[in-house]
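Novice: Have a look at this one.
The values are calculated or read from the model by the stated rules, or taken from the named source; none is laboratory data. Quantities reported herein were computed from a predicted structural model and do not represent experimental measurements. Cβ placement follows ideal geometry from the backbone for every residue including glycine, while neighbour counts extend to all protein chains displayed. All accessible areas refer to the heavy atoms of the entire protein, side chains included, with ligands and DNA or RNA removed. Shrake-Rupley method; radii C 1.70, N 1.55, O 1.52, S 1.80 Å.
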Amino acid sequence: MSRLISKGSVELRLPDKTISLPVHQGTEGECAIDISALRRETGLITYDPGFVNTGACASDITFVDGEKGILRHRGYDIEDLAENCLFLEVAYLLVHNKLPNKKEYQAFSRLMNHHSMIHEDMRNFFNNYPEGAHPMAVLSAMVVSLSSFYPEIEREEGHEDLDITVTRLLSKLRTIAAFSYKKSIGEPFVYPSHKYTYCENFLNMMFASPVNDYHPDPVAVRALNLYLVLHADHEQNCSTSVVRFVGSAGSNLYASIAAGICALWGPLHGGANEAVIRMLESIRVNGGNVDRAIERAKSRDPRFRLMGFGHRVYKTYDPRARIAKRACMQLLEKFGVGNDPLLEIALQLEEKALKDEYFVSRNLYPNVDFYTGIAYRAMGIPENMFTVLFALGRLPGWIAHWLEQHSSEQKIGRPRQIYTGETRRPFVPMDERP
Ligand code: CMC
């Protein structure tokens, strides 16, 4: 709460009394009514399903202005970071609140290499998953397993070098992600190599094999770097809130992040990138009728939404989607697959939706997931790995939030509810029950 500025108070008038509630302001001017004393003073709680209007914390990490389409990490515009930074620089920025200088970056990269392998006993876990297991299931299980192989985070909490904690997880998650893919297709694992950069290493572990002397394509490496940067953090989204929430109980970093991975998997969150491709593919096989898809999305059919559209915070074009779209078009052109039928369908969907009253009046624009899947396809990444890539990208944000939450006042997350079930009723012994 230290960087919150006091902006006076508001009055809440109740039939029997009036109370004063403090107002706090953040560094970008947004204000919040502090209701922490509300129940104690009035017996009332607030009711806000989905936490649409609830600020769960004060945070220094990421600023989003959903009305203006602004996204900044530690004060830097996403456009600048996407244009100029390696993913590891952004990871460092999120965790340390500063862009690394050359020396810091080199030390960080060295640690990444140092921690890139996973324990051989842990590698054996992969053998016990069925072939075809979704890599997100494997990813979350493996991350929670890290806590038993690398318990230092709990033993030396607060003492371990921050960079070691961070690089251990960043580096190992990349290895686990690639191994989970290899497992899902029944191919032997490819180990990380010190000769590669972060993104090259991932692509090599994904696509090299004993029969394929793979060389990471610089175009794919650049694109992967960009997409990871675009996903690096997004303030209190569902998975990050889960990471903070689990962490608020005192759970360790790995356990908290494993929970975040599970939250991300859902199709309304990070799973949307996979769902977008399934939707586009289904439109294609059914004759490419984009109008029918738009009408279905408007019909309130609970089984169908325009995936990759809409956002809780953005009421204008998602700035990440704008960058992702441009990069996707460039990537497809460079790889000579500019005529991907799914891209054509996506472009038509966007054009029609942005002119349609239903989408316009609800401020529904493409979000970050709308074009990323098409780009990943062009890079040869299979659909079931799309959300894994989201997780790889989001990891530094999750870590930064977990650390921030641990360094501030440790209040366990525990919302209230309005009970709407049965009122007290007499107990009936089993042989008397109808
Ligand atoms: N297609 C059709 N209608 C939609 C859509 C959509 N994609 N998104 C929202 N709406 C409608 C919704 O039916 C509601 O209409 P009405 O006011 O008439 O009841 C209105 O727009 C507001 O929607 P909401 O569900 O109350 O909005 P929300 O903030 O709770 O949900 C969302 C946000 C992202 C879950 C939602 O827009 C959605 O389901 N989108 C599709 C899934 C998706 O692309 N998710 C990725 C989100 S961005 C990356 C990330 O965070 O992972």
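Novice: Could you list the GluC sites (Glu not before Pro) in the stretch 1-110 that lie in coil according to DSSP, counting only those with at most 16 other Cβ atoms within 10 Å of their Cβ?
Specialist: When the GluC sites (Glu not before Pro) of the stretch 1-110 are filtered for loop state and at most 16 Cβ neighbours within 10 Å, Glu28, Glu30, Glu67 remain.
Novice: Separate question: Set the Förster distance to 30 Å, then compute FRET efficiency between Arg110 and Ser209 from the Cβ-Cβ distance, nearest 0.05.
Specialist: 0.60
Novice: Counting other Cβ atoms within 10 Å of each Cβ, which trypsin sites (Lys or Arg not before Pro) in the stretch 4-102 have at most 14 and sit in a DSSP loop?
Specialist: Within the stretch 4-102, the qualifying trypsin sites (Lys or Arg not before Pro) (loop, at most 14 other Cβ atoms within 10 Å) are Lys17, Lys68, Lys98.
Novice: Accessible area of Ile70, 1.4 Å probe, to the nearest 10 Å²?
Specialist: 40 Å²
Novice: Separate question: For the chain, state the average projected area of the convex hull of the C-alpha atoms over all orientations, rounded to one decimal in nm².
Specialist: The Cα convex hull of the chain, projected and averaged over all directions, gives 27.9 nm².
Novice: Where a ≥ b ≥ c are the square roots of the eigenvalues of the C-alpha gyration tensor, would you call the stretch 72-230 rounded, which needs a/c under 1.5, or, failing that, prolate if a/b is larger than b/c, or oblate?
Specialist: oblate
Novice: Quickly estimate the mean residue ellipticity at 222 nm for the chain, helices only: each DSSP H run with n ≥ 4 gives -39500 (n - 2.57), and the total goes over all residues, rounded to 500.
Specialist: For the chain, the value works out to -15500 deg cm²/dmol.
Novice: For a quick check, take a GNM of the chain with Cα springs below 10 Å and name the residue from Asp65, Asp34, Asp233 with the largest mean-square fluctuation.
Specialist: Asp34
Novice: What net charge do the residues around Pro415 carry, taking every other residue with its C-beta under 15 Å from that of Pro415, with Lys and Arg at +1 and Asp and Glu at -1?
Specialist: +4
Novice: Which loop trypsin sites (Lys or Arg not before Pro) in the stretch 369-419, with loop taken from DSSP, have no more than 11 other Cβ atoms within 10 angstrom of their Cβ?
Specialist: Sites meeting the loop and neighbour criteria: Lys411, Arg416.
Novice: Still on this structure: On full extension of the chain, what length is gained from Glu357 through Ser193, given 0.36 nm per residue of separation minus the C-alpha to C-alpha distance?
Specialist: Length gained, Glu357 through Ser193: 53.8 nm.
Novice: At a threshold of 8 angstrom on Cα-Cα distance, excluding pairs fewer than six apart, so keeping six or more, what relative contact order does the chain reach in percent?
Specialist: The normalised contact order for the chain reaches 19 percent.
Novice: Given the pairs Lys98/Lys172; Lys103/Lys411; Lys68/Lys98, which span a C-alpha to C-alpha distance of over 28 angstrom in this model?
Specialist: Lys103/Lys411
Novice: Moving on. How would the stretch 366-434 be classified by its alpha-carbon gyration tensor: rounded, prolate or oblate, with rounded meaning a/c under 1.5 and the a/b versus b/c comparison settling the rest?
Specialist: oblate
Novice: With a ≥ b ≥ c the root eigenvalues of the C-alpha gyration tensor of the stretch 321-424, is it rounded (a/c under 1.5), prolate (a/b larger than b/c) or oblate?
Specialist: It is oblate, given that a/c is not under 1.5 and a/b is not larger than b/c.
Novice: With springs only between Cα atoms under 10 Å apart, run a GNM on the chain and tell me which of Ile374, Ile19, Ile283 wobbles the most.
Specialist: Residue with maximal mean-square fluctuation among Ile374, Ile19, Ile283: Ile19.
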